[in-house]
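First comes the structure, then the notes that go with it.
FYI, it's all coordinate maths here, none of it is from the lab. None of these values were measured; they are calculated from a predicted model. All Cβ positions, even for glycine, are placed from backbone atoms using ideal geometry, and neighbour counts span all protein chains on display.
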Amino acid sequence: MAKKIVVLGTGGTIAGTGPAGGAGYTAAQLGVQALVAGVPGLAQAAPGGLLAEQVAQVDSKDMGCAVWQALVRRCLAHLADPAVGGIVVTHGTDTLEETAWLLHALLPVDKPVVLTCAMRPATALAPDGPQNLLDAVTLAAHPQARGVLAVVAGVVHGAREVTKAHPQRLDAFASPDAGPFGWVQSGAVRWAHDRPPSVRAPRHGALAGRLPATGWPRVEIVLSHAGADGALVDWMAAGGVRGIVVAATGNGTLHEALQAALARAVAAGVQVRIATRCPLGRMAAIEGAPWQDAAGLSPVKARISLMLALMAQ
Ligand code: ASP
């Protein structure tokens, strides 16, 4: 028997409103009930029924641990309900990839959790949100869908790869290098390579039910660039930062002054991860250094992994 799909609203441009056809708008205005009610055909895409629940109402540029904790809690509760077949999360585009990676690290994988968003507000002349929401519900109701996925502009992305790659385009997201997991076309899901993506148990599943709403370990991101001098790193270490992710040049290379400051931070007990600032490809693994590479993660995702690792310690 078909199971229920739960749509959790968190805000974003998909829930944004502004003057019809006008340039400006405010994100996170419409409730998730209104978003669901505004999409013809949504009920047919979820034959087991739909339940809409507002978890937060934020512009995702302002995303933080309190909303993440609330979202993880609601996902855990719904995923544990045998009557629920999958979850859709409506989200802003700006930090969608961070939330996707967090959920991927925490949630059980036996049911799908599908994030979606929009580049245009709900009041635009031709909004993209309704189609994205329909595609997300279609994907969440698909019997082979598992784990955390994102669908935007008909393209299905995995949590590890997905990234916002364009500030304006409707098709703003990419899965660089690995390519997409699939597509949703005319109401049907088509998997890349004709097979559904494989899933692995969440790395920090034991943390999911006990995340605090505040006080997550402080982890900052610094950039290695021409003229970097490491002063920020010294300042952060003196201020009690627990972890630093470096968006390093090229194959994980560091400005020598920044490198010296990072070595001082490590000596003071700060954990350091090195990611590359290159948008494509994966830097080589680091060996024999006082820090680790970020296992192919982008700097923003590496920050989430390091926060969770510090919480788990
Ligand atoms: N600032 C918005 C947000 O991330 C942008 C969007 O959703 O497109 O919430």
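Could we say that L51 is more than 15 Å from the ligand (Cβ to nearest atom), over 23 Å from W101 (Cβ atoms) and touching a residue at least 12 places away in the same chain (Cβ under 8 Å) here?
Values: more than 15 Å from the ligand (Cβ to nearest atom): yes; over 23 Å from W101 (Cβ atoms): yes; touching a residue at least 12 places away in the same chain (Cβ under 8 Å): yes.
Spelling it out, L51 is indeed more than 15 Å from the ligand (Cβ to nearest atom), over 23 Å from W101 (Cβ atoms) and touching a residue at least 12 places away in the same chain (Cβ under 8 Å).
Checking P202 against (1) without any contact (Cβ under 8 Å) to a residue 40 or more places away in the chain; (2) closer than 30 Å to Q131 by Cβ, only one condition comes out false. Which one?
Against the list (1) without any contact (Cβ under 8 Å) to a residue 40 or more places away in the chain; (2) closer than 30 Å to Q131 by Cβ, P202 comes up short only on (1).
Identify the residue in the stretch 157-174 that is among the aliphatic types (A, V, I, L, M) and surrounded by 18 or more Cβ atoms within 10 Å (Cβ to Cβ) and, among all such residues, is farthest from A105 (Cα to Cα).
A172
Of everything in the stretch 89-122, what is in contact with a Pro (Cβ under 9 Å, 6 or more places away or on another chain) and away from the ligand (no atom under 14 Å from the Cβ)? Give them in sequence order.
Correct list: L103, H104, A105, L106, L107, P108, V109.
If I ask for residues that are more than 18 Å from T116 (Cβ to Cβ) and either in a helix (DSSP H, G or I) or more than 16 Å from the ligand (Cβ to nearest atom) (or both), which ones from the stretch 23-48 would you list?
Answer for the stretch 23-48, where residues must be more than 18 Å from T116 (Cβ to Cβ) and either in a helix (DSSP H, G or I) or more than 16 Å from the ligand (Cβ to nearest atom) (or both): P47, G48.
Within the bounds of the stretch 243-264, is there any residue that is in contact with a Lys or Arg (Cβ under 6 Å, 6 or more places away or on another chain) and β-branched (V, I, T)?
yes
Filter the stretch 193-246 for residues that are aliphatic (A, V, I, L, M), under 19 Å from the mean Cα position of the chain (by Cα) and in a loop (DSSP other than H, G, I, E, B) and give the result.
Restricting attention to the stretch 193-246, the residues satisfying the condition of being aliphatic (A, V, I, L, M) are 199, 201, 206-208, 211, 213, 219, 221-223, 226, 228, 231-233, 236-238, 241, 244-246.
Those left that are additionally under 19 Å from the mean Cα position of the chain (by Cα): 199, 201, 207-208, 211, 213, 219, 221, 245.
Across the stretch 193-246, the qualifying residues are V199, A201, L211, A213.
Does at least one position in the stretch 211-230 carry a residue that is closer than 27 Å to L149 by Cβ and aromatic (F, W, Y)?
yes
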